[in-house]
Amino acid sequence: MKISMKVNGVDYENDIEPRTLLVQYLRETLDLTGTNIGCDTSQCGACTIHVNGEAVKSCTMLAVQADGATITTIEGLANDGELHPVQKAFCENHGLQCGYCTPGMIMASVDMLKNNPNPTEEEIRHGLEGNFCRCTGYHNIVKSVKAAAVSMKGGA
């Protein structure tokens, strides 16, 4: 089946098997390996991307369902070599440990901050409930999201 979509600002058109998951299409066909496969059951959030501006777990969607969509992956967040404020905050606040969940955490955080630019700690923890980290205990992830929120509002 032929599909087309815009991924990170680039137009793609490919023939794929109709049963191909979106995460597989991104990783195996487009070689965008920043989107991780963590569980294959939509439980962990490691595969979170943006489809038409909304956070989606890409292991829950077939690539054919994204036909015609605009997709952003972790590789597409940076702008002209400048990290997105959430990416920068995760680096500066050590919001990662092994890094496996980090792309999904960042993509979910960007979506959350789009919808709630000034979240409380409780709102951040609730907003990231669908993304699991098995290493950090979440403290520095929450700290990173708070710092990104401040940065995105033009604060210190």
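The values are calculated or read from the model by the stated rules, or taken from the named source; none is laboratory data. Just so you know, these numbers come straight off a predicted model, no measurement behind them. Backbone-built Cβ (ideal geometry, glycine too); neighbour counts: all protein chains shown.
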Any idea how many residues of region 77-103 are within 12 Å of the chain's Cα centre (by Cα) and in a helix (DSSP H, G or I)?
4
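Condition check ((1) in the same structural domain as residue 133 (by TED's automatic domain parsing); (2) touching a strand residue (DSSP E or B) at 6+ places or on another chain (Cβ under 6 Å); (3) not basic (Lys, Arg)) across all residues:
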residue	(1), (2), (3)
17	no, no, yes
50	no, yes, yes
71	no, yes, yes
102	yes, no, yes
109	yes, no, yes
114	yes, no, no
119	yes, no, yes
Can you find, within region 132-156, the residue that is surrounded by the most Cβ atoms within 10 Å (Cβ to Cβ) among those that are assigned to a loop (DSSP other than H, G, I, E, B) and within 15 Å of the chain's Cα centre (by Cα)?
133
I'd like the full set of residues that are of a type in the set (Gly, Ala, Ser), in contact (Cβ under 8 Å) with a residue 40 or more places away in the chain and farther than 19 Å from residue 34 by Cβ, limited to region 115-150.
147
Count, please, the residues in region 26-41 that happen to be in contact with a helix residue (DSSP H, G or I) (Cβ under 7 Å, 6 or more places away or on another chain) and touching a residue at least 40 places away in the same chain (Cβ under 8 Å).
5
What do you reckon, is residue 29 within 20 Å of residue 134 (Cα to Cα), in contact with a strand residue (DSSP E or B) (Cβ under 9 Å, 6 or more places away or on another chain) and at pLDDT 95 or above?
no
Per the list (1) closer than 23 Å to residue 139 by Cβ; (2) surrounded by fewer than 13 Cβ atoms within 10 Å (Cβ to Cβ), residue check on residue 11 breaks on (1)
Test residue 112 against the criterion of being under 30 Å from residue 3 (Cα atoms), touching a residue at least 60 places away in the same chain (Cβ under 8 Å) and assigned to a helix (DSSP H, G or I), and give yes or no.
no
Among the residues of region 69-84, is any among the charged types (D, E, K, R), at pLDDT below 95 and more than 30 Å from residue 2 (Cα to Cα)?
yes
If a residue has to be over 14 Å from residue 56 (Cα atoms) and surrounded by fewer than 17 Cβ atoms within 10 Å (Cβ to Cβ) to count, how many in region 109-131 make the cut?
11
Does residue 106 meet the test of being modelled with pLDDT of 95 or more, crowded, with 18+ Cβ neighbours inside 10 Å, over 24 Å from residue 137 (Cβ atoms) and among the hydrophobic types (A, V, I, L, M, F, W, C)?
no
Can you tell me which residues in region 47-105 are over 22 Å from residue 124 (Cα atoms) and among the hydroxyl-bearing types (Ser, Thr, Tyr)?
60, 70
